[in-house]
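A short worksheet on the structure shown next.
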Amino acid sequence: MGAFERYAPFVQDFIYRNHWDNLRAIQVAAADAIFNTDENLLLTASTASGKTEAAFFPIITLFSENPPASVGCIYVGPLKALINDQFLRLNDLCAEADIPVWHWHGDVAQSHKSKLMKNPSGILQITPESLEALLLHKHAAIPKLFRDLRFVVIDEVHSLLRGDRGGQTLCLIERLSRLAGVNPRRIGLSATIGDPEGTGAFLSLGTGRKTLIPQFEAKGAKWRLSMEHFYVKDVQAAEGKQISDSLPVLEEKTDTAPENSDPGIGYIFEHTRGKKCLVFVNSREECEAVTTTLRQYCERQHEPDRFLIHHGNLSASYRETAEMLMKDDSQTMTTVTTATLELGIDIGRLERAFQIDAPWTVSSFLQRMGRTGRRELPQEMWFVIREDAPEVRAMLPSTIPWKLLQGIALVQLYLEERWVEPPRLDRLPFSLLYHQTMSILASCGELSPKALADRVLRLRYFHRITQEDYKDLLRHLIQTDHIQQTEQGGLIVGLAGERVVNSFKFYGVFQENEEYTVRCEAQELGTVVMPPPVGEKLAIAGHVWTVLDIDHKRHQVYCELVKGSVPAYFGECPGDLHTRILARMRQVLQEDRSYPYLMKNAVARLEQARFTAQHSGAGKQHLISLGGKMWCLLPWMGTYPFLTLERVLKIKCAQRLGLKKLDTARPYYMQFTMQADADTFFQVLREELEKPIDPLELVYPKELPLFDKYDEYLPEALVKKGFALGVLDLEGLRELVRNW
């Protein structure tokens, strides 16, 4: 029987109503795996390829034939926006079969959640954080809610593999399964997986099943891609130069930005009028600044505001309004956004995506590009690379257009090799270990040390954690009153631990800053870090506000709307570049070829950079003299080996080389003064790297490298061990330096 014939009649009707001529290969493959095996499943295919339907058509068919006696399927989504979107899509599909679809996250009404608690059934859509809250506060209800759980679908699974959030998700599924006495099949969905086999193994941890990864020929997608470069001020790179006429012309310029506008932002302003677009930026601060500037241009041109804003610090009302307007095909609005609209959400007939500067990963580039190209339109992205013009006397490394090289490298790696970043699955997750320990203790009540260790260390994600390390953690938590030992020898949450566990911020494992809620009268605007003093201005929701009052106890900021622009601040947001991207950036600088998507300023800027690299040696040499005792090192390696190299130079080599004043622009270059010559530098570095080095030696004497959210509650020894053995990449560095 074919997949279509096996589907329930209401699924077949849905396919007819939507005028699908045939099923896609991924839907046929998923139906075969779900109907005919009992294994887990990883579905990898491009965005808008029908992965969600591929997973859910068979699941709801099985549910219609044999309704589950509780929630039968959990859908874990990384973003509220994605869950809201999928909730509407699945509701329509399941309504005819009377299969309830529930969604559960911080913005969902309590009345909706109460109905689920009374009538556990159908499909539950939830974020990892809300699943954590459910296990913590509804611990006793878990067996009733999930006693017949058959499937767990994890959407955008690649986004959960970048840190502790993926580990948290797997721990929660494992804990829930134990409590409910079930072993549901796991189905992972992703458009951008760099290592499908490794991800499949990760997905299956603790299930006793294999993960099937169907292979099929993907239909070639048509891209419309351009990349243009702008100096923020002064003359543009192509002005006064002869540039080849063979460059792409995507559209004639018909609209104009205000006189003296920022050239890159003006370019976006000109090419978004009358179109539905997304403008991706790499930080919430930039999101606010770009939106404010674009809105000011509308005002100066005496035209209505056509720009929306969407990022994680905005209130739910602002985010959901932007999502609703973008889904309305009669609207031609443009939304400036961070990664919050990067994943999965279908916002209809989106005509164009812009990317300001380069994203940090190939995966992000593909996801952002994949927001377009639906409703039979080609995928279309315009890169807008912005840079301050180098000063006349600037030193070599600051004259290299790093973001332009990064953008080209991301595109070329995918075009040439279909390469996407592999997940990092070898970390030492001590921060998450603290979190799950406290969560289990808070939900279960008193446990003996042995029972607690058994529950925590049996979670497969903690396979690298030794019993000795766990004993050290428990001793430290007892000493610091995060855990208290009862007279009978049992363990309960201590007073210090209660303050952590009782905060709603405990549900998440990603790093957060202390945030203040910003209000204007009755309207909640969002949250900020470090509010300015009363009377000063702050930027949020794409507008500028004057601070009227601050309630530091309740973390509330009260303000009123004013005109103008000021920078926003939401806390640090570091990027992580893979070594393959840096290596391809170097190749871009070395090779003598053009790329068909570069526009005239980008072509001119790249030519200029290649000329400089050729004459300075930057394209071929790793170490370049900047004059006198000043040197520049171009390692062309990813963030983690780069970080390791910094420490090897400072701790192991500095004295032998007379190396001082080491200054880094991670992960692009380092500058320093040095008494030694280039040959001695390489000789000393190789000699030191070939010696046996304990990674813990690369932690500075008084350093406490707090990287993850709960590191501050760990014993110092574990923080240092987690950083040295889980973040630093000594072996990767050795291999790269051997090839210099």
#### Entry: Positions within region 430-452 being open to solvent by 30 Å² or more (accessible area, probe 1.4 Å), free of Cβ contacts under 8 Å to residues at least 60 places away in the same chain and part of a helix (DSSP H, G or I), in sequence order
449, 450, 451
### Summary
How many residues of region 101-131 are open to solvent by 40 Å² or more (accessible area, probe 1.4 Å) and either at pLDDT 90 or above or over 31 Å from the mean Cα position of the chain (by Cα) (or both)? The answer is 6
### Task
For region 176-191, enumerate the residues that are of a type outside the set (Gly, Ala, Ser) and surrounded by fewer than 24 Cβ atoms within 10 Å (Cβ to Cβ).
176, 178, 179, 182, 183, 184, 185
### Task
Need at least 2 residues that are charged (D, E, K, R), more than 20 Å from residue 290 (Cα to Cα) and in contact with a strand residue (DSSP E or B) (Cβ under 6 Å, 6 or more places away or on another chain) per element, so show me which strands (runs of 3 or more DSSP E) inside region 300-366 make the cut, counting only ones lying wholly within it.
none
### Task
Looking only at region 664-678, decide whether some residue is within 20 Å of residue 578 (Cβ to Cβ), among the hydroxyl-bearing types (Ser, Thr, Tyr) and without any contact (Cβ under 8 Å) to a residue 24 or more places away in the chain.
yes
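Let's see how each residue does on (1) more than 22 Å from residue 614 (Cα to Cα); (2) open to solvent by 10 Å² or more (accessible area, probe 1.4 Å); (3) in contact (Cβ under 8 Å) with a residue 60 or more places away in the chain:
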{"residue": "397", "(1), (2), (3)": "no, no, yes"}
{"residue": "425", "(1), (2), (3)": "yes, yes, yes"}
{"residue": "428", "(1), (2), (3)": "yes, yes, yes"}
{"residue": "454", "(1), (2), (3)": "yes, yes, no"}
### Summary
Output for Cβ contacts, cut-off 6 Å, separation at least six or different chains, first residue of a type outside the set (D, E, K, R) and surrounded by fewer than 17 Cβ atoms within 10 Å (Cβ to Cβ) in region 590-618, second part of a loop (DSSP other than H, G, I, E, B) and modelled with pLDDT under 95, reads 590/619
### Query
How many residues, within region 681-740, are surrounded by fewer than 18 Cβ atoms within 10 Å (Cβ to Cβ) and in contact with a strand residue (DSSP E or B) (Cβ under 8 Å, 6 or more places away or on another chain)?
1
## Note on the structure
Note on residue 478: of the conditions (1) of a type in the set (A, V, I, L, M, F, W, C); (2) in contact with a helix residue (DSSP H, G or I) (Cβ under 9 Å, 6 or more places away or on another chain); (3) modelled with pLDDT of 90 or more, unmet is (2)
### Message
Can you say whether residue 509 is modelled with pLDDT under 95, of a type outside the set (Ser, Thr, Tyr) and crowded, with 22+ Cβ neighbours inside 10 Å, as far as the supplied structure shows?
### Response
yes
#### Entry: Wholly within region 1-107, helices (runs of 4 or more DSSP H) carrying at least 3 residues that are under 18 Å from residue 126 (Cβ atoms)
51-65, 80-95
### Query
Where residues in region 409-439 are basic (Lys, Arg) and under 30 Å from residue 227 (Cβ atoms), which of them is farthest from the chain's Cα centre (by Cα)?
418
### Query
In region 132-148, which residues are more than 21 Å from residue 710 (Cα to Cα) and open to solvent by 10 Å² or more (accessible area, probe 1.4 Å)?
138, 139, 140, 141, 143, 144, 147, 148
### Task
Those residues that are touching a Pro at 6+ places or on another chain (Cβ under 7 Å) and open to solvent by 50 Å² or more (accessible area, probe 1.4 Å), I need them from region 293-334; list them, please.
300, 301
### Summary
Picking from 194, 200, 181, the residue that is small (Gly, Ala, Ser) and at pLDDT below 85 would be 194
### Query
within 21 Å of the chain's Cα centre (by Cα), of a type in the set (Gly, Ala, Ser), assigned to a helix (DSSP H, G or I) and closer than 21 Å to residue 364 by Cα: does that describe residue 198?
yes
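The values are calculated or read from the model by the stated rules, or taken from the named source; none is laboratory data. Note that the structure is a prediction, hence the values are computed from the model and not measured. Note: ideal-geometry Cβ built from the backbone for every residue, glycine included; neighbour counts use all protein chains shown. Calculation scope for accessible area: heavy atoms of the full protein, side chains included, ligands and nucleic acids excluded. Shrake-Rupley method; radii C 1.70, N 1.55, O 1.52, S 1.80 Å.
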